[in-house]
1. Restricting things to alpha carbons, find the Rg to Rh ratio for chain A using the Kirkwood radius for Rh.
2. When the Kirkwood hydrodynamic radius is evaluated over all pairs of different C-alpha atoms of region A:133-261, what value in angstrom, to one decimal, is obtained?
3. Using the number of other C-beta atoms within 10 angstrom as an exposure proxy, rank A:SER10, B:SER4, A:SER178 with the fewest first.
4. Suppose R0 equals 51 Å. What FRET efficiency, 1/(1 + (r/R0)^6) with r the Cβ-Cβ distance, do A:ALA20 and B:THR47 give to the nearest 0.05?
5. Within chain B, which whole H helices from DSSP have a Cα span along their axis of at least 18 Å and a mean Kyte-Doolittle hydropathy of 0.5 or more, if any?
6. Express the C-alpha Rg of region B:12-120 as a ratio against the empirical globular expectation 2.2 N^0.38 Å, rounded to two decimals.
7. How big is region A:8-130 by the Kirkwood estimate over distinct Cα pairs, in Å?
8. Going by how many other Cβ atoms sit within 10 Å of their own, how do B:TYR114, A:TYR186, A:TYR228, A:TYR171 line up, fewest first?
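Laboratory data are not the source of any read-out in this text; all were calculated from the coordinates shown. Small disclaimer: the values here were computed from a predicted structure and weren't measured. Cβ atoms come from the backbone with ideal geometry, glycine included; neighbour counts cover every protein chain shown.
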Amino acid sequence: MAQLTLPKNSTVQKGKHWPAPVGADPKNVRQFRVYRYDPDSGENPRWDTYDLDTTQFGPMMLHVIIYIKDHVDATLTFRRSCREGVCGSCAMNIDGRNTIACTKPLADIKAKVVSISPLPHQKVVKDLVPDLNDFYAQHAAMQPYLKTTTAAPDKEWKQSIKDREKLDGLYECILCASCSTACPSYWWNGDKYLGPAALLQAYRWLVDSRDEATGDRLDALEDPFRLYRCHTIMNCTQVCPKGLNPAKAIGAIKQMLVEREG
Amino acid sequence: MRTSYKNVTGLGSAHKGVSHYIKQRVTAVALLILVPLFLFQFLASITTGYEGVMAWLGSPFGLGLSFLVISAMVVHMRLGVQTAIEDYFGGSLRTLALWLNGFFALVLWLIAIYALIKISF
């Protein structure tokens with residue numbers, strides 16, 4: 001159910017300010033506003049601000065937060081791994097838009113103060129780390145693997161080049177959760193709506209020429225909440241750091257269900 | 001303690017939603033054609049005065065068109081409000097609101113159809 005205000009103990013407060021290093025050229029200094037929350041402290045979340053000399057780190061937003069952790073404030077917590085847009089770990093909300101920090105250039109951000117917060121509308125484990133357990137479970141519930149009844153062939157399941165091409169734009173999802181957590185329908189009904197990432201994955205298997213469980217997969221999706229909470233808001237497609245189009249995939253699932261009706 | 005998988009799979013799929021999806025689109029397209037036609041005919045009949053409106057509503061075409069417009073509109077309204085309720089309400093409040101929505105649409109349709117019949121016959 002839609003909840004538009006934060007509970008009292010979650011209201012974000014003003015936090016610490018970390019001034020620019022002495023001797024830094026003011027021309028090169030930019031201010032970063034970072035969401036901080038430590039569940040062990042019992043305190044409300046807060047916005048800490050960091051004035052940083054941008055000549056001291058690389059061009060991407062991931063460089064910025066790694067610099068903060070290494071040189072300014074070692075208590076800042078975030079996830080990161082591959083630093084090249086493949087693992088999806090460093091997904092967060094930067095300058096009001098979900099993305100992965102490693103492929104987001106600082107130069108692209110025009111705002112005077114660059115805000116960095118965890119993916120929206122998820123429980124926060126600490127600082128920039130959201131609890132994505134339910135998100136991963138949604139992916140698992142899509143049974144993202146080949147399901148067949150026919151006995152497995154001696155070698156491999158064959159697929160024509162044309163059929164393989166249908167999976168382009170679907171298989172590349174890195175499960176960063178930027179899309180699902182950008183979706184208002186997912187915010188309001190995340191307990192029942194599967195969200196764009198899981199539905200993109202569902203369509204990836206629905207459209208796979210080798211998969212024989214299409215009917216069962218469609219059965220599992222036909223639900224006012226699981227699938228039909230998508231109102232083609234398109235936030236998912238707008239934010240996807242891999243340039244994928246979950247909204248189109250969801251539309252295609254709806255089309256398949258209509259086709260099945262006759 | 002519940003696992004995330006249990007949270008996500010919940011009570012399973014309700015196996016409905018396609019008919020809502022189809023009806024909403026069919027009524028939308030129908031209204032796109034019916035409403036301008038209805039307005040054009042109805043406004044034209046107004047210029048002929050009270051008797052003219054009564055005669056138009058009493059004609060097979062006027063009655064049929066009015067019946068179709070009212071029916072498509074009520075169905076479309078019900079489906080649209082249902083979507084808004086599903087989006088923004090939760091728990092038993094959602095169930096109650098969905099029931100009331102259906103009841104309201106049915107009553108509205110019955111009153112409108114009763115009025116049409118009374119005028120036409």
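1. Values: Rg = 21.1 Å, Rh = 20.2 Å.
Across chain A, the Cα-based Rg/Rh ratio is 1.05.
2. On the way: mean 1/r = 0.0666 Å⁻¹.
15.0 Å is the Kirkwood radius here.
3. A:SER10, B:SER4, A:SER178
4. Working: r = 76 Å, r/R0 = 1.49.
FRET efficiency, A:ALA20 to B:THR47: 0.10.
5. Working: long enough: B:18-46 (40 Å, 1.49); B:60-88 (42 Å, 1.01); B:91-120 (44 Å, 1.58).
In chain B, the long hydrophobic H runs are B:18-46, B:60-88, B:91-120.
6. Values: Rg = 17.0 Å, N = 109, 2.2 N^0.38 = 13.1 Å.
So the Cα radius of gyration is 1.30 times the expected 2.2 N^0.38 Å.
7. Working: mean 1/r = 0.0681 Å⁻¹.
Taking the inverse mean of 1/r over all distinct Cα pairs, region A:8-130 comes out at 14.7 Å.
8. Numbers: B:TYR114 10, A:TYR186 29, A:TYR228 24, A:TYR171 13.
Fewest to most other Cβ atoms nearby, the residues stand as B:TYR114, A:TYR171, A:TYR228, A:TYR186.
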